[in-house]
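See structure below.
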Amino acid sequence: MNLLVTGAAGFIGSRYVRTLLAADAPDAADAPRITVLDALTYAGTLDNLELDHPRLEFVHGDIRDADLVGKLTAGADQVVHFAAESHVDRSILTASDFVLTNVLGTQVLLDAALRHGVDTFVHVSTDEVYGSIASGSATEEYPLEPSSPYSASKASSDLLALAYHRTHGLDVRVTRCSNNYGPHQFPEKVIPLFVTNLLDGAKVPLYGDGLNVRDWLYVDDHCAGIDLVRTRGRAGEVYNIGGGTELTNKDLTGLLLEACGAGWDRVEHVEDRKGHDLRYSVDWTKARDELGYRPRHDFTTGLAETVAWYRDNRAWWEPLKQRVSGGKP
Ligand SMILES: NC(=O)c1ccc[n+]([C@@H]2O[C@H](COP(=O)([O-])OP(=O)(O)OC[C@H]3O[C@@H](n4cnc5c(N)ncnc54)[C@H](O)[C@@H]3O)[C@@H](O)[C@H]2O)c1
């Protein structure tokens, strides 16, 4: 079985690929062969991948390159699509890359998947497509009301993917997950940004009153959920994948300060993000009941392991942090 995975030089995709490669002996005949397609933007790094693994091939390229994507999908049985511009703050500064990669790039992939008869196409979306939800949790039927150019571009690609199922019968499955955390996350997102700043003796920027609520999902739980959707999910269906730990940004900051042995004097209160959604929350009953999904990582342990990983892996994040400057959560 040949699997094409896009965007797997980034945080979640690379973890997904490593997990699949580790599940079987390196030369197991029936284990999936994986081709990673990644443009290596500022967010992607080959350090995230086990490049010498016999079942892994890396292709440096863009999902918007129809010729290249056509060649790769011709040899693929399944596609798992992670590639995206993923940082909300960047989409507020300039939205064009978000539209071009997240919307146009997804359409190029869907066209190629259709043309070459790909069996299954898993589109990795986000809980941000539902917009802010004051109370309760969004089921998969909840209306899409994205607030940022990032989430609007993800909602567009998510709907395009579902449209390829309804219009053409392509076996598309969409996942909508909450905020991921874990090792190898680019140090511009809130947890790795705060941890690496604290390890460097710098301040951390807390948006507004810090009362925005996010649900936290350990990256391995997300990867397990995606693989359940790929292997057991149904065509044309959406599956929410949640983590089960809702925290305000202020509470999260407190936990990170404690984990790094720092005090509140290291927190700099900054102007709130434009259009900042107050709360995201997904109801993942469907994934639990249909696929047997449940998050297995306890947040306290997962966070401690994540902080320890950043403490022990400066060589991974220091060059990445130098690539970008002034990143905020
Ligand atoms: N990180 C989260 O908490 C989170 C939450 C919900 C959904 N998601 C979604 O999960 C997916 C993966 O997120 P992530 O956090 O791993 O992102 P990331 O930013 O760490 O990685 C994105 C990867 O995509 C690649 N890429 C970007 N543009 C490309 C293009 N035009 N062609 C080919 N490759 C390209 C980058 O080089 C990078 O390796 C995204 O679709 C994102 O929207 C992430």
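Quick note: the coordinates plus some simple rules give every number you see, no bench work behind them. None of the values given here were measured: they were computed from a predicted structure. When we count neighbours, we look across all protein chains shown, and the Cβ atoms used for this are built from the backbone with ideal geometry, even at glycine.
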Span per principal axis, largest first, for the Cα atoms of region 223-320 (Å): 49, 34, 26
Ranking of GLU237, GLU188 by count of other Cβ atoms within 10 Å, fewest first: GLU237, GLU188
Angstrom value of the Kirkwood radius, inverse mean 1/r, which spans all Cα pairs in region 1-143: 16.1
Dipole moment magnitude, nearest 20 debye, the chain about Cα centre, only Lys, Arg, Asp, Glu C-beta charged: 180
Fraction of beta bridges assigned by DSSP in the chain that are antiparallel (%, nearest 5): 10
Ranked list, fewest to most other Cβ atoms within 10 Å of each Cβ, for LYS274, LYS203: LYS274, LYS203
For the chain: span of alpha carbons on each principal axis (Å, largest first): 57, 43, 38
